[in-house]
Amino acid sequence: MRGVSENKVKQIPALITRAFHKRSSLALKGLSVAGALLLLLSGNTPHANAQHYGVTIVTPPAIQFVSPVIFFAADMNNNGDVIATTGNNIYRAFGWSANSGSVELPFDRPFNFSSTYGYGVSDVGDYVGEDGYSRPAVYRSGTQSNNILVTGLIPLPGFPGTVAPYFGQGQGLAVSGTTGLVAGWGSPVDPGAISSSGAKHAYAWPSNSTFVDMGGGPFGFSIAYSVNSHNNVAGIVQTAQFQDVNGITRTRNNGFVQSILDFGVFFAASGKILLPTLGGDSCFVAQINDSDLVAGSTQTASGLTHACLWDPDQFLPVVTDLTPLDSTPSYAHSINNGGVVVGQRTVNGARGFLWDSVHGMQDLNTMLPAGWSCYDAIKINDNGQILANCVFNGIFSVVVLTPQPTPTLSGLNPSTVAGATAVSPFTVTGTNFTASSKIHVHQIFPGGTLDQDLATTFDSPTQLHTSILANLLTHTDNVAVTVLDPVRGPTGGLTLTVTQGAIPTLAGVTPNPVPVGTAVPKLTVTGTNFKAASKIHLYQITGFNGSDFTFINLDLPTTYDSANQLHTSIPANLLSLYSGAYITVIDPVLGAGPGLSLSVVGVPKISISSVVATRIAGPGSSLSVLITFANTGTADALNATVSAASQLKLNGVNTTTGTPFTIDAIYTGQGILVTFPGSILPGNRVLSLTMSYDGGSFTASKLVVIP
Amino acid sequence: MRAMLFRLLKAMVLTTLLCTVRTAHAQAITVDLSTLAQGSLLPGTVIDALPGDSINFFGVLTNTLPANPSGANDLIMDSVGGNILGPSSDVTLDPTDYYTNFFLFDPANPGLIQAQQRIPVSGTATIFTVTVPSTTAPGTYFGTFDIYDSNAAILGEAPFTLQVNAPANTPEPSAGVFLLCSASSLFLVMRRKKRAYHTR
């Protein structure tokens, strides 16, 4: 009898019902109902939540004469070590581990072109397979606390050359995870031939000094496929031979579970258990775990092969169809001590599956990194690692899938934001984040949806942050925030509340005033509560059509600078009237806030229309110059003044800068009368006059003839 | 009463509009401006300036009227002027270079620009200078440079926009003095050590 093991704990739901129906012969029964209920409350269902897997590719070693392809991968232990066979016409068994890579197993072989095959690997480092003489072979990778205390090849006793396993993953030879117990099959009648007599018996090697013939059953045919740590062997045995209605001779094979202590003849009272089919003739046993649950496949009454799970501890052994609704074949290839089963379905093509009693059947392809697909799951160990055949970019690989810790999301900061408003930083907290994790937002709003990964910064495994741009959340519908990890999968979602925010206010419009009829390349509006979708709005009365006023009333193309600043440009044609215009900012949700006036002002355009220069008292005397203006602009320069000598120039900087003059009279808006000294020589001169007025300045110039 | 107010308002608006409709000028001469710092001034280009700057504008004048053997499309440029509108009225435009590089190129025919003629023939020449005094208030300044005929009609016009920015903070004079003193002290110490080494 054994106590409640950790592995037992992992499959409480299935075990509770079995607790009352144990069969003593397998010596495994020690679970109390109270203990089961207590453990059930713990909710411990390992690996069931491991929804996403990382991928590690298994690579074969380089071996002379052997094509470097993996012919088949057979087994993986709880350390993640793999045994497989590589080659094309010549095959070699090899071991692989993530840390050490791959190496050929040194099974005996007579020639370079002899083949060896790998079938099983135990947790203590026993690699079992078939050597080059078609014999069972065991290679121990190191001295272990085991009853076989050797390193290197271990000779298995019995009939030399009796074991001739045929090819196929998981078949032929198996090794117990912890005890080194080896099981296989062979022919007791004709040791040197492969099934030539048709008689095959399951064998087991409890140690390197003993072997056990498990018996061939009533028709002399049995094969051991798996052995657990409690000396229980699972395999198949022929149980019937009959003629069907068409007169065709058929055989029936059932699975069996048998303690190695009960070797001998099947169906004896000492406890060999037959595993039923699903109504068909055949059973294929893959693996027995330490709780005696057996995974495999069996034919249904319609002849389909379905993955199934046997529970031999029931009063009457029970078979459960794992794919009862499938109309295509499925196969269970492995079960771990947590009761999780992996295998292959052929629904919508071949694909690996993962099954447990809580979540039921799950498609492995939904749990892999992007681009990977799995078409067969070969083995699952107690850590949830899965040995599988997968495809990436059309290239087939044997891989080890390692369950990744599922990220969780526990907090958002802030958890409420104003719509169309930039938020930085936006921080999320949780667990199991990686540098590849992305903050994802999902929002459904009238007329559309938003689904976007945000540029995310990894702060720590428990914190990420990003910036939400103001133009991202322009609707006030709530946002579901998740974290997506390409390997570890998504978290659950938390709600980010998007509010309307506040109505915009204006503090300033620059430039202001602006000249009439002139384009404004950049009009900057400052204020508060601006959003990315906010628009600068121009409003101006432009006329009267006899019954109504006409308006300029439009949103200008607006650039968002910050929550306190927007800018736009105004083409000249929108400023063709000098009168008051009105600038507002339109919030995409709340509408317009209070605005500010924009003054569109007229501009004087003053040119010198004539210059009359006369010598007051004949040649060489003072020069009186009357300058008259022409104004073709849209405003008068009524207050225009000239006050400094440098603002009235003859020939500019060339000759007469600073020539002293006196202002005799200013005829507002029309002209100016000045007197220059008599030293001014006759000739052509450029006369330029600069005057300032309220809001600007003008300069007018003309070529004049000085008498 | 309400009708009267409406008529009054209507009359005011129409009066305003009539007063404010801008005269359209036939601009036969195109004035293409550029500056050293910002190159060709395409529409919408804003010229950056600081108080104390003096900005030379380069130009190319082109009489765009069709070539006409009789000379009917030749134009006489009589005078030039410029306006600058902005927060301060002390930003000024000096057109002296126009007369040097564009107007006086042929004293026999002052102001003549023939149909399809380009001045200068190649490249650009300074056409006017804008001076931003050090006391000028930062902000946007709208400027135009206009070429008039003898009837004060505009033959060509070049608008430009000047953005006078606030001057950047400069180091306190005391900081400069401190740096100078530090560097001098370091130099003297090193020189003394070097001299001591050579005299040993």
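The values are calculated or read from the model by the stated rules, or taken from the named source; none is laboratory data. Because the structure is predicted, anything quoted here is derived from the model rather than measured. All Cβ positions, glycine included, derive from the backbone under ideal geometry; neighbour counts span all protein chains shown. For the accessible areas, the whole protein counts, side chains as well, though only heavy atoms, and no ligand, DNA or RNA atoms are used. Shrake-Rupley method; radii C 1.70, N 1.55, O 1.52, S 1.80 Å.
For the range B:94-109, a residue qualifies if it is open to solvent by 60 Å² or more (accessible area, probe 1.4 Å) and either more than 22 Å from the chain's Cα centre (by Cα) or more than 12 Å from every other protein chain (Cβ to nearest Cβ) (or both), and the qualifying residues are B:PHE105, B:PRO107, B:ALA108, B:ASN109.
Residues in the range A:442-460 that are of a type in the set (Asp, Glu) and under 15 Å from A:LEU484 (Cβ atoms): A:ASP451, A:ASP453.
Of all residues in the range A:314-336, those that are in contact with an Asp or Glu (Cβ under 6 Å, 6 or more places away or on another chain) and crowded, with 22+ Cβ neighbours inside 10 Å total 1.
As a summary of the residue check, A:TYR578 satisfies the conditions (1) more than 30 Å from A:PHE551 (Cα to Cα); (2) touching a helix residue (DSSP H, G or I) at 6+ places or on another chain (Cβ under 8 Å) except for the one numbered (1). Quick one: A:SER297 ticks every box in (1) closer than 18 Å to A:VAL55 by Cα; (2) at pLDDT 95 or above bar one, so which box is it? Every listed condition holds for A:SER297 apart from (1). Considering only residues in the range A:538-550 that are within 17 Å of A:LEU596 (Cα to Cα) and open to solvent by 60 Å² or more (accessible area, probe 1.4 Å), the one that is nearest to the other protein chains (Cβ to nearest Cβ) turns out to be A:ILE541.
For the range A:414-428, the criterion of a residue being under 24 Å from A:THR277 (Cα atoms) and part of a strand (DSSP E or B) is satisfied by no position. Give me the residue from the range A:506-531 that is more than 14 Å from chain B (Cβ to nearest Cβ) and crowded, with 16+ Cβ neighbours inside 10 Å and, out of that set, modelled with the lowest pLDDT. Among residues in the range A:506-531 that are more than 14 Å from chain B (Cβ to nearest Cβ) and crowded, with 16+ Cβ neighbours inside 10 Å, the one modelled with the lowest pLDDT is A:LYS531. Of A:ALA581, A:ALA644, A:ALA592, all but one fail to be modelled with pLDDT of 85 or more, closer than 27 Å to A:PRO511 by Cβ and out of contact with any His (no Cβ under 8 Å at 6 or more places or on another chain); the exception is A:ALA581. Quick one: which residue in A:VAL653, A:VAL686 is open to solvent by less than 30 Å² (accessible area, probe 1.4 Å), modelled with pLDDT under 85 and within 10 Å of chain B (Cβ to nearest Cβ)? Going through A:VAL653, A:VAL686 in turn, just one is open to solvent by less than 30 Å² (accessible area, probe 1.4 Å), modelled with pLDDT under 85 and within 10 Å of chain B (Cβ to nearest Cβ): A:VAL686. Of all residues in the range A:430-462, those being assigned to a strand (DSSP E or B) and either under 17 Å from the mean Cα position of the chain (by Cα) or of a type in the set (A, V, I, L, M) (or both) number 16. Tally the residues that are at the interface with chain B (Cβ under 10 Å from one of its Cβ atoms) and without any contact (Cβ under 8 Å) to a residue 40 or more places away in the chain, restricting the search to the range A:568-586. Going through the range A:568-586 one residue at a time, the tally reaches 1.
Against the test of being in contact with a Ser or Thr (Cβ under 9 Å, 6 or more places away or on another chain) and either buried (at least 20 other Cβ atoms within 10 Å of the Cβ) or modelled with pLDDT of 90 or more (or both), the options A:ASN146, A:ASN79 yield a single qualifying residue, A:ASN79. Let me spell it out: the conditions are (1) over 18 Å from the mean Cα position of the chain (by Cα); (2) within 10 Å of chain A (Cβ to nearest Cβ), and B:THR64 meets all of them except one. Which number is the exception? Every condition holds for B:THR64 apart from (2).
Of all residues in the range A:488-495, none satisfies being at pLDDT 90 or above, buried (at least 19 other Cβ atoms within 10 Å of the Cβ), of a type outside the set (Val, Ile, Thr) and not in a loop (DSSP other than H, G, I, E, B). If you check A:SER609 against the conditions, is it part of a strand (DSSP E or B) and facing chain B (nearest Cβ under 9 Å)? So A:SER609 fits the description; yes. Would you confirm, using the coordinates I've provided, whether B:LEU112 is among the aliphatic types (A, V, I, L, M) and within 12 Å of another protein chain (Cβ to nearest Cβ)? No; evaluated as a whole, the condition is false for this residue.
The set of residues in the range B:78-91 being facing another protein chain (nearest Cβ under 8 Å) and touching a residue at least 40 places away in the same chain (Cβ under 8 Å) consists of B:ASP78, B:SER79, B:VAL80, B:GLY81, B:GLY82, B:ASN83, B:ILE84, B:LEU85, B:GLY86, B:PRO87, B:ASP90, B:VAL91.
Each residue in the range A:403-422 was checked for being more than 16 Å from the chain's Cα centre (by Cα) and surrounded by fewer than 19 Cβ atoms within 10 Å (Cβ to Cβ), and 6 of them qualify.
Note on the range A:612-637: residues that are more than 12 Å from chain B (Cβ to nearest Cβ) and out of contact with any strand residue (DSSP E or B) (no Cβ under 8 Å at 6 or more places or on another chain) total 4.
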